[in-house]
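The values are calculated or read from the model by the stated rules, or taken from the named source; none is laboratory data. Being a predicted model, the structure only gives us computed values, none of them experimental. Cβ placement follows ideal geometry from the backbone for every residue including glycine, while neighbour counts extend to all protein chains displayed.
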Amino acid sequence: MSRSVDELASVEGIGRVTIARLKNAGISYLEDLVAFNPEELEELAGIDYERAVKVIRAARQLLGWSARVYRGKEYAEALARREVLTTGVRALDELLGGGLVVYDIYEFAGEFGSGKTQLCHQLAVTAQLPPAKGGLGGDVVYIDTEGTFSPERVERIAQRFGVEDPLSRVYVARPINVDEMEEVVVKNLAPLLRGGARLIVIDSIIALYRAEFKGREWLAARQQRINYLLDWLKRLARIHEAAVVITNQVVAVPSTWGVTIKLPAGGNIIAHASTHRFLLKKAGDVWTAECLDSPRIARGASASFLIAEDGLRDVK
Ligand code: GTP
Ligand code: MG
C-alpha cells in the first residue's frame with residue numbers, strides 16, 4: 001500500500017538529486033515524507049527549506065491529502081468509522097465510549113501500583129485480536145522506559161483472550177535516554193506501522209525526561225522535548241491510523257486548605273497533547289479509572305476493574 005518517493009519524479013521541479021537525498025535520509029515512502037516538517041527535512045536530508053516545503057506539499061497531493069475541508073455531517077461519519085480497541089474490561093470500554101479510538105492519544109496516569117503497566121500489557125494483547133473481537137488485528141510497539149515490560153504477563157493474558165504466540169507481534173524498545181526514545185519514535189516507528197503495527201504504547205512518557213532534565217532551569221527545555229515527541233506520535237497515529245496509549249506518573253500538588261492532590265506529571269504539554277486523560281487509582285482490592293479530561297467523556301466519570309492472574313477484569 002505504501003507509495004515510493006520515486007513518484008515525486010513526475011512533479012515538475014523535483015529532480016533525482018532531491019529524491020536521492022530523501023532516500024539517503026531513510027525516507028523512501030510518501031507516507032513517511034508527509035510526516036515531516038520542512039525544518040526537520042532540511043536538517044535530516046539536507047534539502048533547502050523552499051524545496052522541502054515543495055516536496056512535502058507534492059507528496060501530500062500525490063497521496064490525495066491536500067488540505068480538505070469537510071461538511072460537519074461527513075466529518076461525523078468519518079469519526080464514527082474509526083476503529084475501536086477493546087480494553088477487555090466491559091466497564092472500562094463503556095467509560096471510553098466503546099474502547100480506545102485510533103488517532104486519539106490516551107493517557108493513563110497514576111501512582112505506583114495503580115495498574116498502568118498492567119493495562120498496557122492487556123492492550124498489547126487485545127490489539128492483536130481481530131476487529132470482530134474488538135481488536136485492531138495488528139502488531140504492537142511497546143516503548144518501555146521503566147523496564148517493566150513482562151513477556152510472561154503478555155503470554156498469560158494472551159491465553160485468556162485466545163491470542164496465540166502474542167510475543168511474535170509485539171515489538172519492544174527499551175530506550176535508555178530521551179535521545180534514544182526520540183530516535184525510536186522518529187525513525188523506527190514508521191516502518192513498523194507500515195508493516196502492520198496498530199498500537200503504540202509508551203510506559204511511561206515521563207520517566208526519561210524526569211531523569212535527564214533535573215531542576216527548574218531545565219524545565220523549558222524538557223517541555224520542548226516532550227512536545228516534540230508527542231507531536232510526532234500524533235502525526236504517526238494519524239497517518240497510519242494507530243491507537244496511542246501513554247502512561248504518566250503523578251505529582252503531589254498543594255490544593256486549597258493545605259490538602260495535596262495527585263495530578264499527572266509533565267504539566268501543560270502532556271495535558272494538551274493527550275486527547276483523553278485518566279487517573280488510575282487503587283482502593284482496597286479494586287482499581288478505578290477516572291476521567292480527568294476528554295472531549296467526549298464526562299469529567300469525573302469513572303469505572304472499576306480488578307487485576308487478576310490473567311489480567312484486568314470486570315468487578316464481579
Ligand atoms: P508503577 O509503574 O510502579 O508506577 O505502577 P503501575 O501503575 O504501572 O502498576 P502495575 O500495573 O505494574 O501494577 C498494578 C498492580 O497489578 C500490582 O500492584 C499488582 O497488585 C497487580 N499485578 C501485577 N502483576 C500481577 C500478576 O502477575 N498477577 C496478579 N494477580 N496481579 C498482578
Ligand atoms: Mg508501571
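At a glance:
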| item | result |
| --- | --- |
| The lone exception for I246 - which of (1) assigned to a loop (DSSP other than H, G, I, E, B); (2) under 18 Å from the mean Cα position of the chain (by Cα); (3) of a type in the set (A, V, I, L, M, F, W, C) it fails | (1) |
| The lone exception for Y142 - which of (1) in contact (Cβ under 8 Å) with a residue 12 or more places away in the chain; (2) out of contact with any Phe, Trp or Tyr (no Cβ under 7 Å at 6 or more places or on another chain) it fails | (2) |
| Among (1) surrounded by fewer than 16 Cβ atoms within 10 Å (Cβ to Cβ); (2) hydrophobic (A, V, I, L, M, F, W, C); (3) in contact with a Cys (Cβ under 8 Å, 6 or more places away or on another chain) - the single one W218 does not satisfy | (3) |
| Residue pairs meeting the criteria (Cβ under 6 Å; at least 6 apart or on separate chains; first in contact (Cβ under 8 Å) with a residue 24 or more places away in the chain and of a type in the set (A, V, I, L, M, F, W, C), in segment 113-127; second within 8 Å of ligand 2 (Cβ to nearest atom) and not in a loop (DSSP other than H, G, I, E, B)) | C120/D203 |
| Cβ pairs under 8 Å, 6+ apart, first in segment 156-179 and assigned by TED's automatic domain parsing to the domain that holds R194 and surrounded by fewer than 17 Cβ atoms within 10 Å (Cβ to Cβ), second among the acidic types (D, E) and assigned to a helix (DSSP H, G or I) | L167/E155; N177/E212 |
| Matching option when the condition is buried (at least 18 other Cβ atoms within 10 Å of the Cβ) and closer than 30 Å to D310 by Cβ, among F108, F112 | F108 |
| Total residues in segment 43-91, condition surrounded by 16 or more Cβ atoms within 10 Å (Cβ to Cβ) and more than 23 Å from S10 (Cβ to Cβ) | 9 |
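To keep it simple, each residue is scored yes or no on (1) assigned by TED's automatic domain parsing to the domain that holds A298; (2) farther than 17 Å from L236 by Cα.
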{"site": "V55", "(1), (2)": "no, yes"}
{"site": "L85", "(1), (2)": "yes, yes"}
{"site": "L92", "(1), (2)": "yes, yes"}
{"site": "G98", "(1), (2)": "yes, yes"}
{"site": "V102", "(1), (2)": "yes, no"}
{"site": "A109", "(1), (2)": "yes, yes"}
